[in-house]
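No lab work stands behind these numbers, since they all come straight from the coordinates. The structure presented is a predicted model; accordingly, all values stated were derived computationally and were not measured. Please note: Cβ atoms are built from the backbone with ideal geometry, for glycine as well, and neighbour counts cover all protein chains shown.
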Amino acid sequence: MASPFKISALLLTFCVSISLTLPVRSQTCASQTFTNNNLYTHCLDLPTLSSYLHFTYDAANSTLSVAFFASPSKSNGWISWAINPKVAAMGGAQALVAFKDSKGVMSAKTYNISTSTPYSVEQSKLAFDVWDTRAEEESGVMRIFAKIKVPPELAAKGTLNQVWQVGSTVGAAKGVLTIHDMGAPNLNSKGTLDLNGGKSVSSGGLDSRTKRKNIHGVLNAVSWGILFPLGIVIARYLRTFPSADPAWFYLHVSCQVSAYAIGVAGWATGIKLGSESKGVQFSLHRNIGIALFALATVQIFALFLRPKKDHKYRFYWNIYHHGVGYAILILGILNVFKGLDILQPGDKWRTIYIIAIAVLGGIAALLELITWIVVLRRKSSKSTKPYEGYGGQSRP
């Protein structure tokens, strides 16, 4: 049977071996065709949201012909491609939007987005001329077609700030767009378009807010999602082995204190992000996070009130300690998945976390079996041991 110290090492290092895989994009803009046999000079595979842009720029009259392809997040959703005259960002963008109207017919409209938060999105004419707008759908992919008169100052630069987006639903009667997801792919759907060479230049990587969201997610996944469950596994199973005492206790406390310290940093980051997100709230995720922080704080301070093993209140303290610990375990894992739904970092990260939890759960199941075997053997050996009476003689 493996020693408790080898098991400890396995528990502390198991997640290091998980390998990372990169998603592969199966379709490119070069393979796409048009129902009206339109031809465009350039096409781009945009870096997020599985979106594509086809365009032709006529420098002689500053006319830009575009065809934007994307799949909405739901079948009755919307897609959008926009030009922002000032910066590569949502605020101030002049947008072309496609969606199904109340009769299920594809429609193309123009929308203005305000420059200040919370953003207002209003259906109206754009700051530049737009004509020949239309929309269509095929196999779940929506398409917007339009011709745009590029403003002189942008034509002189030869580049445009472009922003693209997809959403889940539309108030078909009034054309009111519901807010899009706030995951990294949605927040990074922006860049610079070279009108002459057809090159799409990244907007400079992740912005500071997205980086803070990623930091928040990593801190909480490591703390509540991995370290805290690991500490529970150590406490539950390693103390079965007499040779692991008191090593198991110090390992358990180290895991839980580390999880708490990292988790508090992640919690504080989340509170700060929430205070900056006016009009955007993730109430359940936020409330679970606050509950986790409160329970974990009580759990840490309860260590200083732990009665001795032979104290009459130790039994009740153990019930409290185990109950709160398992509540934190369940809420922590649940909130990691809620956070993944909000951040939407990509399927590979959800898969990696599921694998990590599955491996930890598998180790726990194996140790549960070993623990029962050890306990049953001890009981069996005690029940068969002969009783020695006075004088050292075995009692018949």
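Let me have the relative contact order for the range 208-374, percent, based on Cα pairs under 8 Å that are six or more residues apart. List each step's numbers first, then the result.
Working: 120 pairs, mean separation 53.2, N = 167.
Worked out over the range 208-374, it gives 32 percent.
By per-residue mean of other Cβ atoms within 10 Å, what is the highest-first order of 46-59, 359-372?
Sorting 46-59, 359-372 by mean packing, highest first, produces 46-59, 359-372.
Within 10 Å, count the other beta carbons around each residue, average over each peptide in 95-105, 253-263, and list them highest first.
253-263, 95-105
Quick one: compute the contact order of the range 29-194, relative version, from alpha carbon pairs under 8 angstrom and 6+ residues apart, as a percent.
It comes to 24 percent, rounded to a whole number.
Compute the separation of the alpha-carbon centres of the range 134-155 and the range 290-318 and state it in Å as a whole number.
The distance from the Cα centre of the range 134-155 to that of the range 290-318 comes to 62 Å.
Quick one: putting +1 on the C-beta of Lys and Arg, -1 on the C-beta of Asp and Glu, what dipole do you get for the range 29-194 around its Cα centre, in Debye to the nearest 20?
That gives the range 29-194 a dipole magnitude of about 300 debye.
What is the magnitude of the charge dipole of the range 268-348 about its Cα centre, with +1 placed on the Cβ of each Lys and Arg, -1 on the Cβ of each Asp and Glu, and no other charges, expressed in debye to the nearest 20?
That gives a dipole near 380 debye.
Quick one: if the Förster radius is 56 Å, what FRET efficiency do T159 and R286 give, using the C-beta to C-beta distance and rounding to 0.05?
Given R0 = 56 Å and the Cβ-Cβ separation, E is 0.90.
Quick check: from the Cα gyration tensor, does the range 29-194 come out rounded (a/c under 1.5), prolate or oblate?
Here the range 29-194 falls in the rounded category.
What FRET efficiency comes out for the pair A365/L39, r = Cβ-Cβ distance, R0 = 56 Å, nearest 0.05?
Details: r = 60 Å, r/R0 = 1.07.
Step by step, r from the Cβ atoms, then E = 0.40.
Cross-link list K125/K190; K272/K348; K100/K211; K86/K213: which exceed 29 angstrom alpha carbon to alpha carbon?
Table pairs above 29 Å Cα-Cα are K100/K211.
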